[in-house]
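Structure first, commentary second.
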Amino acid sequence: MFIAPRVADEKDWIVTDTGPWEIIIGLEVHAQVASKSKLFSGSATGYGSAPNTQVSLVDAGMPGMLPVVNEFCIEQAVKTGYGLNAKINLFSRFDRKNYFYVDLPQGYQISQFEHPIVGEGEIEILPIDGDGNVGEPVTVGIERLHLEQDAGKSVHDLSPDETYVDLNRCGVALMEIVSKPDMRTPEEASAYVEKLRGIVRALGTCDGDMEKGNLRADVNVSVRRPGGELGTRCEIKNVNSMRFIRQAINFEARRHIDIIEAGGEIDQETRLFDSVKGETRTMRSKEDAHDYRYFPDPDLLPIKLEQSFVDKIKANLPEMPDVRKARFMSDYGLPEYDARILTSDKTKADFYEVVAKGRDPKIASNWTMVEFFGALNKSGLELEDSLVSADALGCLIDRILDDTISGKIAKGVFEKMFAGEGTADEIIERDGLKQVTDMGTIEAMVDKVIADNAGQAEKAKENPKLLGFFVGQVMKASQGKANPQAVNKILREKLGL
Amino acid sequence: MTDLTKMTLSGALDGMAKGEFSSVELTQAHIDACKASTKLNAFITDTHDLALEQAKASDARRASGTVGKLEGAPLGIKDLFCTEGVKTTAGSKILGDFTPTYESTVSANMKADGMVMLGKLNLDEFAMGSSNETSAFGPVINPWRKDEDLVPGGSSGGSASAVAADLCLGATATDTGGSIRQPASFTGTVGIKPTYGRCSRWGTVAFASSLDQAGPIAKTVKDSAILLESMAGYDAKDSTSINADVPDWSASCGQSVKGMRIGIPKEYAIDGMPADIQALWDQGIEWMKAAGAEIVPITLPHTKYALPAYYVVAPAEASSNLARYDGMRYGLRVDGKDLTETYELTRTEGFGDEVRRRIMIGTYVLSAGYYDAYYLRAQKVRTRIVQDFENAWETCDAILTPTAPSAAFAVGRKVSDPVQMYLNDIFTVTTNLAGLPGISVPAGLDKNGLPLGLQIIGRAMDEATVFKAAAALEDAAGFKAKPEKWWV
């Protein structure tokens, strides 16, 4: 059924006593359409509302209720299709996927089975290893994108013997994006999801929030001898962070290899990832697999899109991450690594462009990536929730460039800005961090340091390396505020170097 | 005073317009008739108090100069239409005491036009049946009776029986494979299934979504036109609703059929057709000819595949549509030891034999490995049936056929033989599969004195021609027979 011609790089093979293995990975990503109302009803889709407060008669599967497709969602799917460089199907259709469960009031999910709205496409990813090394670009094929309804939420832990059901999510529009089995390492898989996330966020078709479950991945994993026959795959459901995706794949691949090497066979099954234990476990085996009895939903007409409709969407697409990355490299002269990180997400790229405006692009990039993104990572905050605006970061950089403060002091100022203590100027003023550039003041400090260390000063003439010691002493005396160039210059004069 | 229940809908609307009687008087007369006719078991839920309130409100509206299309007319609503604040059962135990908080678009249209609702009419469970014997609320009895209890046909048996017995001036019904037209034929009433998409399906309990269509059962062709004008209309809440204006169909009734080409499909002359029915059909041809129509022999070659295709498509859709009755949110629930057992017990207890049979058939034909052989093939047949009619319309404007292959039969006679029962739909399913309008007009009595209907089929959206031809047929047939009131 699947073909997976690409063979992993030798460095990515898992080598055991029996020889090398490679991992074959394909992903099904569910991206919630950024729509105010559901796919087939007018109910709101807001996150975090009280249970069952965003449920219409249609969502609750009341007798005689009928779905009406939300055209906005259709538009978002087409947009996303273009973002995936994919074929837009002018004819598509909704099918019913039939199964019983408490969080599925109609007894079927409306999805697209035979005729998805988006067909084949491809995207390019750049995997980055744990040490930040950028690997070779990998092209990942997109099999299809289709629209479907989300189910409700079953809550099993509120009572020992009862299940509670929240239908708020029931009927929310999802785009299921199915990749071809083109990934070979956990890093490629997470880079793929990262890339998808960047694309949907750039397009505004999904907010990409993995914590809220608005973007989640089902990961298909199998192993084989490099270039050999494909193994049996397992599907790991609903993995909701980049780190978990890598963990789940690593665990699952190892599990497969262990079973095969012990002479066993892999059961094709659906598995769950336990993020606490870092392992996967059986959810349902192939024998328990449902026969979903797909058939065209007779309550809905097929979707027939006009060429002019899709052309208009295409003409109004925003700048995509790949295009933006190329522009960052050419216009700002940034290295590929910087450009890739900065353009992986629309809000990050927008932030950078504000910081870089009228400033040195590389310094702006360093401050944005190292200090700002670093602080975000450490705090777990989203960029949107940060107290430091791009303009504020830009002002801080200005203070370095105009010699008001040194780079080193600036890092401390940034920490305080990030903690919400004020703007760069306010903090510099409040804490008296302004760099001392007055030559007289510096000279006095230098004199004092030389006087205090007369013995060393004598030796300095023979041993110029001692200059560093004196610079350090003067900087210390000035609490880091003395202009380093000035200190150097005066010390050299006074020490006769 | 004359017996107000003997009136036609149009006669009653005229009478109220002239001030001869009030809606309250008219409604009370029908309530009295309903109360005296419980033996027919036509209603599942009576709403007599509500009806009198509505009648009073209607009289007040009329006094203030506001008169809707159905102003003050006491009517019955098939218990498949959800009615706000009034229990809705679909003829099934599984809905329990389900009382909708919403009104179906069709009944809401009629309410807006001034309807008075007498109650919710009995039907085959989830509209699955041709004799009204699958209702969880007991069979409906046909007012036409010879020595033994006869079925009124189905699934709209309550609607047909109530109209035939003068319990209401008209009634809503639904038709998935013949459920309006076959009972109309069995009870000497008029029933029209309009073009698929004419009436919104919103708020009507679904049986088979691609085939279900609401329509009226009435005493005359004109009455059915008046009712359909109120029921029909575009509804954005139903994606399959057709966005088109509702014509003045009652004006079509009585127009000349001179020059109209009436097609006679040879495939409808089936083996084993009762002689009375063949004779009536021949008579119908003569009547239409006499009225100035041109008779054209036509061929609908895929007709024999229609019934099997129907009994694949309809159960397939039904098996999915009825999945929502799971005991979780409304209706009956029988708790088991776990979720699966709760589903099983609830649905076993809640659904009757025929509904369970169709869910099983539908589940089977959609299953992996069988889908292509059954469902897909049935859909291909459906395309051929549509094409058959398309070809026919090149040479004719309407088609004349019998409505059903038999007259009303005895209660219990076919209930144990599903295939015999399914054959009742043989002349009616084709229009459902093709989405075309079809009307049954009472045209005569069989040798036992039971009513028989003839069917007129028209082009999609061309109900006007259907009404025109039907009224001509009605006029020629001069069907005036009424059942004896043995049940009072």
Could you calculate, for the stretch A:32-310, the ratio of the Cα radius of gyration to the Kirkwood radius, expressed as Rg to Rh?
-> 0.97
Among A:Leu383, A:Leu167, B:Leu75, which comes first, second and so on when ranked by fewest other beta-carbon atoms within 10 Å?
-> A:Leu383, A:Leu167, B:Leu75
Could you give the dipole magnitude of chain B about its Cα centre, charging the beta-carbon of Lys and Arg +1 and that of Asp and Glu -1, in debye to the nearest 20?
-> 240 debye
Given H placed 1.01 Å from N in the peptide plane, which residues other than close sequence neighbours of A:Arg144 have an amide H under 5 Å from its amide H?
-> A:Val178
Treating cross-link reach as a plain straight distance, find the aspartates and glutamates whose alpha-carbon is under 15 Å from the alpha-carbon of B:Lys146, omitting any fewer than eight places away in the same chain.
-> B:Asp446, B:Glu484
When A:His115, A:His156, B:His30, A:His256 are arranged by how many other beta-carbons sit within 10 Å of their Cβ, fewest first, they go A:His156, A:His115, A:His256, B:His30
Long-range amide H partners of B:Gly119 with built H, under 5 Å = B:Thr47, B:Ile77
What is the mean projected area of the alpha carbon convex hull for the stretch B:146-233, to one decimal in square nanometres?
-> 5.6 nm²
Loop-located GluC sites (Glu not before Pro) in the stretch A:202-266, at most 13 other Cβ atoms within 10 Å (DSSP) | A:Glu211, A:Glu229, A:Glu265
Among A:Leu317, A:Ser190, A:Leu376 - extreme Cα towards positive end, dipole of chain A, charges at beta-carbon = A:Leu376
For the stretch A:216-227, in residue order, the Karplus 3J(HN,Hα) values (coefficients 6.51, -1.76, 1.60; θ = phi - 60°; whole Hz; Gly and Pro = x) are 8, 10, 9, 10, 9, 10, 8, 10, 7, 5, x, x
Amide H proximity to B:Ser209 below 5 Å, modelled H, separation 5+ or other chain, gives none
The stretch A:38-114: Kirkwood hydrodynamic radius (Cα pairs, Å) comes out at 14.4 Å
Taking N as the number of residues in the stretch A:439-495, what value does Rg over Cα atoms divided by 2.2 N^0.38 Å take?
-> 0.98
25 °C / 0.890 mPa s Stokes-Einstein diffusion coefficient of the stretch A:97-179, Kirkwood radius on C-alpha pairs, µm²/s = 155 µm²/s
Quick one: work out Rg over Rh on the C-alpha atoms of the stretch A:184-316, Rh as Kirkwood radius.
-> 1.07
Counting all C-alpha pairs of the stretch A:123-253, share separated by more than 23 Å (%) = 41 percent
Using the alpha carbon gyration tensor of the stretch A:319-430, what are the three equivalent-ellipsoid semi-axes (square root of 5 times each eigenvalue), largest first, in whole Å?
-> 24, 16, 10
Rounded to the nearest 0.05, FRET efficiency between B:Asp3 and B:Asn448 (Cβ-Cβ, R0 30 Å) equals 0.65
The longest stretch of chain B containing none of the trypsin sites (Lys or Arg not before Pro) that sit in a DSSP loop with at most 12 other Cβ atoms within 10 Å is B:19-257
Determine the principal axes of the Cα atoms in the stretch A:1-148, then give the extent along each, sorted from largest to smallest and rounded to whole angstroms.
-> 61, 35, 33
Of the cross-linked pairs B:Lys87/B:Lys219; A:Lys153/B:Lys93; B:Lys93/B:Lys482; A:Lys212/A:Lys357; B:Lys56/B:Lys78; A:Lys180/A:Lys212, which ones have a Cα-Cα span greater than 31 Å in the structure shown?
-> B:Lys93/B:Lys482; A:Lys212/A:Lys357
In Å and whole numbers, how far do the C-alpha atoms of chain A stretch along each principal axis, longest first?
-> 93, 57, 53
Residue-by-residue Karplus 3J(HN,Hα) for the stretch A:364-369, coefficients 6.51, -1.76, 1.60, Hz, glycine and proline x = 4, 5, 4, 5, 5, 6
Can you tell me the dipole magnitude for the stretch A:180-262 around its Cα centre, using point charges on the Cβ only (Lys, Arg +1; Asp, Glu -1), in Debye to the nearest 20?
-> 40 debye
In percent, how large is the relative contact order of the stretch A:319-430, given Cα pairs closer than 8 Å and 6 or more residues apart?
-> 20 percent
Rounded to the nearest 10, the angle in degrees between the Cα long axis of helix A:346-356 and the longest principal axis of the Cα atoms of chain A comes to 20 degrees
Would you kindly calculate the mean projected area, averaged across all directions, of the convex hull enclosing the Cα atoms of the stretch A:385-488, in square nanometres?
-> 7.1 nm²
Any chance you could give the angle, 0 to 90 degrees and rounded to 10, that helix A:484-495 forms with the longest Cα principal axis of chain A?
-> 30 degrees
Per-residue ³J(HN,Hα) for the stretch B:229-240, Karplus 6.51 cos²θ - 1.76 cosθ + 1.60, θ = phi - 60°, Hz, x for Gly and Pro | 4, 7, 6, 7, x, 5, 9, 5, 7, 10, 5, 9
Taking Cα pairs closer than 8 Å and at least 6 residues apart, the relative contact order of chain B in percent is 18 percent
Translational D (Stokes-Einstein, µm²/s) of the protein assembly as shown at 37 °C and 0.692 mPa s when Rh comes from the Kirkwood sum over C-alpha pairs?
-> 99 µm²/s
In Å, the Kirkwood hydrodynamic radius from C-alpha pairs for the stretch A:275-385 sits at 18.6 Å
Straight distance only, please: which lysines reach the Cα of A:Lys408 with their own Cα at less than 21 Å, same-chain residues fewer than 8 apart left out?
-> A:Lys362, A:Lys378, A:Lys416, A:Lys434, A:Lys476, A:Lys481, A:Lys489
What is the stretch A:325-364 by shape, rounded, prolate or oblate, if you read a ≥ b ≥ c off the alpha carbon gyration tensor as root eigenvalues and call it rounded for a/c under 1.5, prolate for a/b larger than b/c, and oblate otherwise?
-> oblate
Under the helix-only model (-39500 (n - 2.57) for each DSSP H run of 4 or more, divided by the residues of the protein assembly as shown), the mean residue ellipticity at 222 nm, to 500 deg cm²/dmol, is -11000 deg cm²/dmol
In Å³ per residue, the alpha-carbon convex hull of the stretch B:12-488 encloses 136 Å³
Scattering profile of the stretch B:139-179 from the Debye formula, Cα beads only, expressed as log10 I(q)/I(0) at q = 0.29 Å⁻¹, is -0.99
Kindly provide the GluC sites (Glu not before Pro) of the stretch A:133-166 that DSSP labels as loop, not H, G, I, E or B, and whose Cβ sees at most 16 other Cβ atoms within 10 Å.
-> A:Glu162
Excluding residues fewer than 8 places away in the same chain, name every one of the lysines whose C-alpha is closer than 25 Å to that of B:Lys304.
-> B:Lys193, B:Lys266, B:Lys380, B:Lys414
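Throughout, read-outs are computed from the coordinates displayed, never taken from laboratory work. These numbers were taken from a predicted model, which means no experiment stands behind them. Cβ: placed from backbone, ideal geometry, glycine included. Neighbour counts: every protein chain shown.
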